[in-house]
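The values are calculated or read from the model by the stated rules, or taken from the named source; none is laboratory data. Keep in mind the model is a prediction, meaning the values are calculated, not measured. Cβ placement follows ideal geometry from the backbone for every residue including glycine, while neighbour counts extend to all protein chains displayed. The area values use the complete protein model at the heavy-atom level, side chains included, leaving out ligands, DNA and RNA. Shrake-Rupley method; radii C 1.70, N 1.55, O 1.52, S 1.80 Å.
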Amino acid sequence: MTVEAIPISVKLRDDLIVDLELIDGDKMLEVNMTYAGTGRYLGFGWTSGSSGLMSGSESVIGTTGTGPPAKYELKTSNEDASGVVRMDKSKQSLQNSTWVESDGQTIMSFRKLVAEDGEISIRITDAMTFIWAVGEDEGFTTHRYFGSSSIQLLTGDVEILALPHKKNYLLHGVLAFLAWGVFTPIAIAASILKDFLQLFTGKTVWLKLHVYCNILSVIATTFAFSIVVNVYQQQKKVHFKSGAHQGIGLFLFIAATFQAFAGVFRPHLPKPKDPPASVEQDVIVDKKNNNNNNGEDNAVDEEDPPTSVSPLKKSQIRIVWEICHKVLGYVFLFVALWEVNDGIDHYGHKFGAKVDPYRTGFYAWIGSLLSVVVGLKLYMLHLPSKKTE
(Lines give C-alpha, C1' and ligand atoms only; values in the text may rest on other atoms or scores of the structure.)
Protein backbone atom coordinates (compact mmCIF):
# COMPACT_ATOMS: atom_id res chain seq x y z
CA MET A 1 0.00 0.00 0.00
CA THR A 2 1.40 3.37 -1.02
CA VAL A 3 1.39 6.14 1.58
CA GLU A 4 0.63 9.53 0.09
CA ALA A 5 2.93 12.30 1.32
CA ILE A 6 1.30 15.27 3.01
CA PRO A 7 2.47 18.89 3.18
CA ILE A 8 4.39 19.61 6.38
CA SER A 9 4.73 22.96 8.14
CA VAL A 10 7.34 23.13 10.90
CA LYS A 11 7.56 26.06 13.29
CA LEU A 12 11.29 26.18 14.01
CA ARG A 13 10.99 29.42 16.01
CA ASP A 14 8.32 32.02 16.63
CA ASP A 15 9.76 33.96 13.67
CA LEU A 16 10.83 31.06 11.43
CA ILE A 17 8.69 28.51 9.58
CA VAL A 18 9.65 25.92 6.97
CA ASP A 19 7.08 24.27 4.69
CA LEU A 20 8.01 20.94 3.11
CA GLU A 21 6.22 18.87 0.49
CA LEU A 22 7.17 15.86 -1.63
CA ILE A 23 6.15 16.37 -5.26
CA ASP A 24 6.61 14.72 -8.67
CA GLY A 25 5.88 11.24 -7.39
CA ASP A 26 7.99 11.74 -4.26
CA LYS A 27 11.07 12.31 -6.38
CA MET A 28 11.46 15.94 -5.45
CA LEU A 29 11.26 17.94 -2.22
CA GLU A 30 9.81 21.47 -2.29
CA VAL A 31 11.00 23.77 0.49
CA ASN A 32 9.71 27.22 1.46
CA MET A 33 11.55 28.83 4.39
CA THR A 34 9.96 31.99 5.80
CA TYR A 35 11.76 34.24 8.26
CA ALA A 36 10.04 37.23 9.86
CA GLY A 37 13.17 39.35 9.57
CA THR A 38 16.00 40.30 7.24
CA GLY A 39 18.75 37.78 7.87
CA ARG A 40 21.90 38.02 5.77
CA TYR A 41 21.55 34.36 4.88
CA LEU A 42 19.19 31.43 5.39
CA GLY A 43 20.28 27.83 5.25
CA PHE A 44 18.32 24.58 5.13
CA GLY A 45 20.18 21.29 4.91
CA TRP A 46 20.25 17.59 5.63
CA THR A 47 22.68 15.11 7.10
CA SER A 48 23.20 11.40 6.71
CA GLY A 49 23.43 10.93 10.47
CA SER A 50 21.34 12.11 13.40
CA SER A 51 23.74 14.44 15.22
CA GLY A 52 22.31 17.63 13.75
CA LEU A 53 25.81 19.10 13.32
CA MET A 54 27.03 21.06 10.30
CA SER A 55 30.07 18.91 9.65
CA GLY A 56 29.41 16.31 6.96
CA SER A 57 26.09 17.82 5.92
CA GLU A 58 24.77 19.40 2.73
CA SER A 59 22.66 22.52 2.56
CA VAL A 60 20.90 25.04 0.37
CA ILE A 61 21.92 28.58 1.31
CA GLY A 62 20.44 31.83 0.13
CA THR A 63 22.04 35.21 0.75
CA THR A 64 21.14 38.85 0.33
CA GLY A 65 22.02 40.28 -3.08
CA THR A 66 23.82 37.22 -4.53
CA GLY A 67 21.17 35.68 -6.75
CA PRO A 68 19.11 32.52 -6.19
CA PRO A 69 19.94 30.00 -3.43
CA ALA A 70 22.57 27.37 -4.20
CA LYS A 71 23.80 24.01 -2.90
CA TYR A 72 26.76 23.81 -0.51
CA GLU A 73 28.81 21.16 1.25
CA LEU A 74 29.36 21.73 4.97
CA LYS A 75 32.71 20.07 5.55
CA THR A 76 33.50 21.37 9.04
CA SER A 77 31.91 23.43 11.81
CA ASN A 78 34.47 26.23 11.57
CA GLU A 79 32.90 29.66 11.91
CA ASP A 80 35.38 31.24 9.51
CA ALA A 81 33.34 29.87 6.55
CA SER A 82 36.25 27.70 5.36
CA GLY A 83 34.08 24.62 5.79
CA VAL A 84 31.17 25.99 3.74
CA VAL A 85 31.95 25.09 0.12
CA ARG A 86 29.71 25.88 -2.83
CA MET A 87 29.13 22.78 -4.94
CA ASP A 88 30.43 22.60 -8.50
CA LYS A 89 28.28 24.21 -11.16
CA SER A 90 27.43 20.76 -12.57
CA LYS A 91 25.72 19.92 -9.26
CA GLN A 92 23.63 23.07 -9.04
CA SER A 93 20.41 21.26 -9.97
CA LEU A 94 17.88 23.18 -7.86
CA GLN A 95 14.63 24.15 -9.50
CA ASN A 96 12.47 27.22 -8.85
CA SER A 97 15.04 28.57 -6.40
CA THR A 98 14.19 32.09 -5.25
CA TRP A 99 15.20 34.59 -2.57
CA VAL A 100 12.66 37.30 -1.75
CA GLU A 101 12.92 40.09 0.82
CA SER A 102 9.79 42.17 1.25
CA ASP A 103 8.12 44.12 4.09
CA GLY A 104 10.68 42.98 6.65
CA GLN A 105 10.26 39.31 5.70
CA THR A 106 12.63 36.90 3.94
CA ILE A 107 11.48 33.86 1.97
CA MET A 108 13.82 31.24 0.49
CA SER A 109 12.24 28.67 -1.83
CA PHE A 110 13.61 25.79 -3.90
CA ARG A 111 12.93 22.32 -5.24
CA LYS A 112 15.51 19.55 -4.99
CA LEU A 113 15.68 15.95 -6.16
CA VAL A 114 15.67 13.60 -3.15
CA ALA A 115 18.36 11.39 -4.71
CA GLU A 116 21.34 12.70 -6.72
CA ASP A 117 24.63 11.07 -7.62
CA GLY A 118 27.48 11.79 -5.21
CA GLU A 119 25.23 13.59 -2.72
CA ILE A 120 23.41 12.73 0.50
CA SER A 121 20.04 11.22 -0.36
CA ILE A 122 16.97 12.62 1.38
CA ARG A 123 15.17 9.66 2.89
CA ILE A 124 11.40 9.60 2.64
CA THR A 125 10.57 6.22 4.22
CA ASP A 126 12.07 6.93 7.63
CA ALA A 127 13.01 9.96 9.75
CA MET A 128 15.60 12.34 8.27
CA THR A 129 17.61 14.92 10.21
CA PHE A 130 17.38 18.42 8.74
CA ILE A 131 19.44 21.40 9.87
CA TRP A 132 18.77 25.12 9.52
CA ALA A 133 20.38 28.47 10.25
CA VAL A 134 19.71 32.20 10.08
CA GLY A 135 22.87 34.25 9.62
CA GLU A 136 24.07 37.75 10.43
CA ASP A 137 26.65 38.26 7.68
CA GLU A 138 27.27 37.38 4.06
CA GLY A 139 30.36 35.32 4.85
CA PHE A 140 28.48 32.52 6.68
CA THR A 141 30.60 33.13 9.81
CA THR A 142 27.96 34.01 12.40
CA HIS A 143 24.67 32.21 12.99
CA ARG A 144 21.98 34.34 14.54
CA TYR A 145 19.92 31.20 15.13
CA PHE A 146 20.38 27.55 14.22
CA GLY A 147 18.95 24.15 15.01
CA SER A 148 17.94 20.74 13.75
CA SER A 149 14.80 18.62 13.46
CA SER A 150 13.96 15.00 12.74
CA ILE A 151 11.23 14.88 10.11
CA GLN A 152 9.38 11.91 8.57
CA LEU A 153 8.42 13.30 5.17
CA LEU A 154 5.71 10.72 4.41
CA THR A 155 3.85 10.80 7.72
CA GLY A 156 4.60 14.37 8.80
CA ASP A 157 6.06 13.36 12.18
CA VAL A 158 8.36 16.09 13.50
CA GLU A 159 10.76 16.16 16.45
CA ILE A 160 12.72 19.29 17.29
CA LEU A 161 16.13 18.00 18.32
CA ALA A 162 18.03 19.31 21.29
CA LEU A 163 20.83 21.58 20.18
CA PRO A 164 24.30 20.14 20.74
CA HIS A 165 26.27 21.37 23.75
CA LYS A 166 23.39 23.43 25.14
CA LYS A 167 24.12 22.29 28.70
CA ASN A 168 27.80 23.10 28.24
CA TYR A 169 27.05 26.66 27.16
CA LEU A 170 24.57 27.07 30.02
CA LEU A 171 27.17 25.90 32.56
CA HIS A 172 29.73 28.20 30.92
CA GLY A 173 27.36 31.14 31.39
CA VAL A 174 26.51 30.28 35.01
CA LEU A 175 30.18 30.00 35.96
CA ALA A 176 31.05 33.24 34.17
CA PHE A 177 28.22 35.01 35.98
CA LEU A 178 29.39 33.68 39.35
CA ALA A 179 32.97 34.72 38.60
CA TRP A 180 32.37 38.23 37.27
CA GLY A 181 28.84 38.98 38.39
CA VAL A 182 29.13 37.77 42.00
CA PHE A 183 32.61 36.95 43.32
CA THR A 184 34.56 39.80 41.69
CA PRO A 185 32.03 42.54 42.55
CA ILE A 186 31.92 41.32 46.17
CA ALA A 187 35.73 41.26 46.32
CA ILE A 188 35.90 44.85 45.09
CA ALA A 189 33.06 45.87 47.40
CA ALA A 190 35.00 44.47 50.37
CA SER A 191 37.96 46.65 49.44
CA ILE A 192 35.79 49.76 49.05
CA LEU A 193 34.02 49.08 52.36
CA LYS A 194 37.22 48.29 54.23
CA ASP A 195 36.57 50.89 56.98
CA PHE A 196 33.01 49.69 57.53
CA LEU A 197 33.99 46.04 57.77
CA GLN A 198 36.88 46.81 60.13
CA LEU A 199 34.56 48.81 62.38
CA PHE A 200 31.80 46.22 62.66
CA THR A 201 33.33 42.80 61.87
CA GLY A 202 37.00 42.83 62.78
CA LYS A 203 40.27 44.04 61.42
CA THR A 204 40.95 41.34 58.80
CA VAL A 205 37.49 40.29 57.62
CA TRP A 206 37.57 42.64 54.63
CA LEU A 207 40.91 41.26 53.47
CA LYS A 208 39.78 37.65 53.83
CA LEU A 209 36.58 38.38 51.93
CA HIS A 210 38.56 40.18 49.19
CA VAL A 211 41.10 37.37 48.82
CA TYR A 212 38.70 34.42 49.00
CA CYS A 213 36.22 35.94 46.54
CA ASN A 214 39.04 36.65 44.10
CA ILE A 215 40.22 33.05 44.43
CA LEU A 216 36.69 31.78 43.74
CA SER A 217 36.46 34.13 40.75
CA VAL A 218 39.68 32.74 39.25
CA ILE A 219 38.49 29.15 39.78
CA ALA A 220 35.07 29.83 38.21
CA THR A 221 36.66 31.73 35.30
CA THR A 222 39.07 28.87 34.63
CA PHE A 223 36.27 26.28 34.53
CA ALA A 224 34.04 28.51 32.37
CA PHE A 225 36.90 29.10 29.95
CA SER A 226 37.87 25.41 29.82
CA ILE A 227 34.30 24.26 29.12
CA VAL A 228 33.79 26.45 26.07
CA VAL A 229 37.30 25.75 24.71
CA ASN A 230 36.51 22.03 24.95
CA VAL A 231 33.25 22.54 23.04
CA TYR A 232 35.06 24.42 20.28
CA GLN A 233 37.65 21.65 20.17
CA GLN A 234 34.96 18.98 19.76
CA GLN A 235 33.29 20.94 16.97
CA LYS A 236 36.66 21.68 15.34
CA LYS A 237 35.97 25.40 15.40
CA VAL A 238 38.63 28.08 15.23
CA HIS A 239 39.28 29.44 18.72
CA PHE A 240 38.84 33.14 19.63
CA LYS A 241 38.22 34.34 16.07
CA SER A 242 34.45 34.18 15.81
CA GLY A 243 33.62 37.52 17.40
CA ALA A 244 34.22 40.06 20.14
CA HIS A 245 32.69 37.85 22.83
CA GLN A 246 35.23 35.09 22.32
CA GLY A 247 38.19 37.48 22.20
CA ILE A 248 37.11 39.33 25.34
CA GLY A 249 36.59 35.99 27.08
CA LEU A 250 40.24 35.14 26.43
CA PHE A 251 41.24 38.59 27.69
CA LEU A 252 39.28 38.14 30.94
CA PHE A 253 40.80 34.70 31.54
CA ILE A 254 44.28 36.22 31.24
CA ALA A 255 43.20 39.23 33.33
CA ALA A 256 41.87 37.06 36.16
CA THR A 257 45.06 35.03 36.24
CA PHE A 258 47.20 38.19 36.15
CA GLN A 259 45.30 39.84 39.02
CA ALA A 260 45.59 36.70 41.13
CA PHE A 261 49.35 36.47 40.67
CA ALA A 262 49.68 40.23 41.21
CA GLY A 263 47.95 39.82 44.56
CA VAL A 264 50.10 36.88 45.64
CA PHE A 265 53.38 38.48 44.63
CA ARG A 266 52.54 42.04 45.68
CA PRO A 267 55.28 44.19 47.22
CA HIS A 268 54.79 43.85 50.97
CA LEU A 269 54.71 46.60 53.52
CA PRO A 270 57.79 47.05 55.77
CA LYS A 271 57.63 45.12 59.02
CA PRO A 272 56.98 47.21 62.14
CA LYS A 273 59.94 47.94 64.36
CA ASP A 274 60.17 46.42 67.84
CA PRO A 275 57.86 48.41 70.14
CA PRO A 276 58.96 49.98 73.42
CA ALA A 277 58.59 47.76 76.47
CA SER A 278 55.50 49.62 77.72
CA VAL A 279 53.70 49.19 74.40
CA GLU A 280 54.73 45.53 74.21
CA GLN A 281 53.24 44.94 77.69
CA ASP A 282 49.97 46.59 76.56
CA VAL A 283 49.81 44.30 73.53
CA ILE A 284 50.30 41.21 75.71
CA VAL A 285 47.50 42.28 78.05
CA ASP A 286 45.24 43.04 75.08
CA LYS A 287 45.87 39.57 73.63
CA LYS A 288 44.94 37.95 76.95
CA ASN A 289 41.69 39.86 77.02
CA ASN A 290 40.74 38.70 73.52
CA ASN A 291 41.54 35.00 73.70
CA ASN A 292 37.87 34.10 73.17
CA ASN A 293 37.53 36.10 69.97
CA ASN A 294 38.73 33.26 67.67
CA GLY A 295 41.99 35.13 67.15
CA GLU A 296 40.46 37.42 64.53
CA ASP A 297 41.25 40.71 66.22
CA ASN A 298 44.78 39.48 66.94
CA ALA A 299 45.52 38.78 63.28
CA VAL A 300 47.77 41.21 61.48
CA ASP A 301 46.14 43.08 58.59
CA GLU A 302 48.99 43.55 56.16
CA GLU A 303 46.96 46.13 54.25
CA ASP A 304 46.43 48.25 57.38
CA PRO A 305 49.16 47.41 59.94
CA PRO A 306 49.12 48.70 63.53
CA THR A 307 50.46 52.22 63.42
CA SER A 308 50.34 52.66 67.19
CA VAL A 309 53.51 50.61 67.48
CA SER A 310 55.57 52.43 64.90
CA PRO A 311 54.49 54.48 61.89
CA LEU A 312 55.14 52.71 58.59
CA LYS A 313 55.75 54.39 55.27
CA LYS A 314 54.73 52.58 52.09
CA SER A 315 57.41 52.17 49.48
CA GLN A 316 56.98 53.82 46.09
CA ILE A 317 56.55 50.48 44.36
CA ARG A 318 53.87 49.51 46.87
CA ILE A 319 51.94 52.72 46.17
CA VAL A 320 52.17 52.14 42.40
CA TRP A 321 51.08 48.52 42.85
CA GLU A 322 48.00 49.51 44.89
CA ILE A 323 46.92 52.08 42.29
CA CYS A 324 47.42 49.67 39.36
CA HIS A 325 45.73 46.79 41.19
CA LYS A 326 42.64 48.86 41.94
CA VAL A 327 42.37 50.57 38.56
CA LEU A 328 42.86 47.33 36.63
CA GLY A 329 40.34 45.63 38.90
CA TYR A 330 37.71 48.25 38.05
CA VAL A 331 38.51 48.09 34.33
CA PHE A 332 38.36 44.29 34.26
CA LEU A 333 35.06 44.35 36.16
CA PHE A 334 33.40 46.80 33.77
CA VAL A 335 34.59 44.78 30.75
CA ALA A 336 33.36 41.57 32.41
CA LEU A 337 29.91 42.99 33.15
CA TRP A 338 29.59 43.88 29.46
CA GLU A 339 30.76 40.35 28.60
CA VAL A 340 28.18 38.72 30.87
CA ASN A 341 25.41 40.82 29.34
CA ASP A 342 26.66 39.96 25.84
CA GLY A 343 26.83 36.30 26.81
CA ILE A 344 23.15 36.39 27.79
CA ASP A 345 22.40 37.69 24.27
CA HIS A 346 24.55 34.99 22.68
CA TYR A 347 22.79 32.22 24.60
CA GLY A 348 19.37 33.57 23.66
CA HIS A 349 20.28 33.84 19.97
CA LYS A 350 22.10 30.52 19.76
CA PHE A 351 19.40 28.43 21.44
CA GLY A 352 16.27 30.50 20.90
CA ALA A 353 15.87 30.94 24.65
CA LYS A 354 13.92 33.75 26.30
CA VAL A 355 16.61 35.44 28.34
CA ASP A 356 14.93 38.69 29.41
CA PRO A 357 14.20 37.39 32.95
CA TYR A 358 17.87 36.44 33.39
CA ARG A 359 19.01 39.83 32.13
CA THR A 360 16.59 41.59 34.49
CA GLY A 361 17.85 39.50 37.42
CA PHE A 362 21.45 40.29 36.48
CA TYR A 363 20.78 44.04 36.36
CA ALA A 364 18.81 43.89 39.63
CA TRP A 365 21.62 42.08 41.45
CA ILE A 366 24.36 44.45 40.25
CA GLY A 367 22.17 47.48 40.96
CA SER A 368 21.37 46.23 44.47
CA LEU A 369 25.01 45.54 45.29
CA LEU A 370 26.05 48.95 43.97
CA SER A 371 23.34 50.63 46.07
CA VAL A 372 24.51 48.84 49.22
CA VAL A 373 28.15 49.81 48.60
CA VAL A 374 27.31 53.46 47.93
CA GLY A 375 24.97 53.61 50.93
CA LEU A 376 27.48 52.15 53.38
CA LYS A 377 30.29 54.30 51.99
CA LEU A 378 28.20 57.44 52.54
CA TYR A 379 27.32 56.20 56.03
CA MET A 380 31.01 55.87 56.91
CA LEU A 381 31.76 59.35 55.58
CA HIS A 382 29.36 60.72 58.19
CA LEU A 383 31.10 58.86 61.01
CA PRO A 384 34.65 60.30 60.96
CA SER A 385 35.09 59.90 64.69
CA LYS A 386 34.19 56.19 64.62
CA LYS A 387 36.59 55.03 61.94
CA THR A 388 39.03 52.36 62.90
CA GLU A 389 42.27 53.73 64.23
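Data table
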| quantity | calculated |
| --- | --- |
| Filtered residues of region 86-95 (kept if without any contact (Cβ under 8 Å) to a residue 40 or more places away in the chain and open to solvent by 50 Å² or more (accessible area, probe 1.4 Å)) | Arg86, Asp88, Lys89, Ser90, Lys91, Gln92 |
| Boolean, Leu170 is open to solvent by 30 Å² or more (accessible area, probe 1.4 Å) and out of contact with any strand residue (DSSP E or B) (no Cβ under 9 Å at 6 or more places or on another chain) | yes |
| Residues (at pLDDT below 85 and either touching a strand residue (DSSP E or B) at 6+ places or on another chain (Cβ under 6 Å) or not small (Gly, Ala, Ser) (or both)) located in region 70-82 | Lys75, Thr76, Asn78, Glu79, Asp80 |
| Qualifying residue in region 232-239 (condition: at pLDDT 90 or above and open to solvent by 40 Å² or more (accessible area, probe 1.4 Å)) | no |
| Candidate set: region 346-375, residues that are of a type in the set (A, V, I, L, M) and at pLDDT 95 or above; chosen: the one farthest from the chain's Cα centre (by Cα) | Val374 |
| Given (1) more than 24 Å from Leu369 (Cβ to Cβ); (2) at pLDDT below 85; (3) not polar (S, T, N, Q), number of the condition Gly202 does not satisfy | (1) |
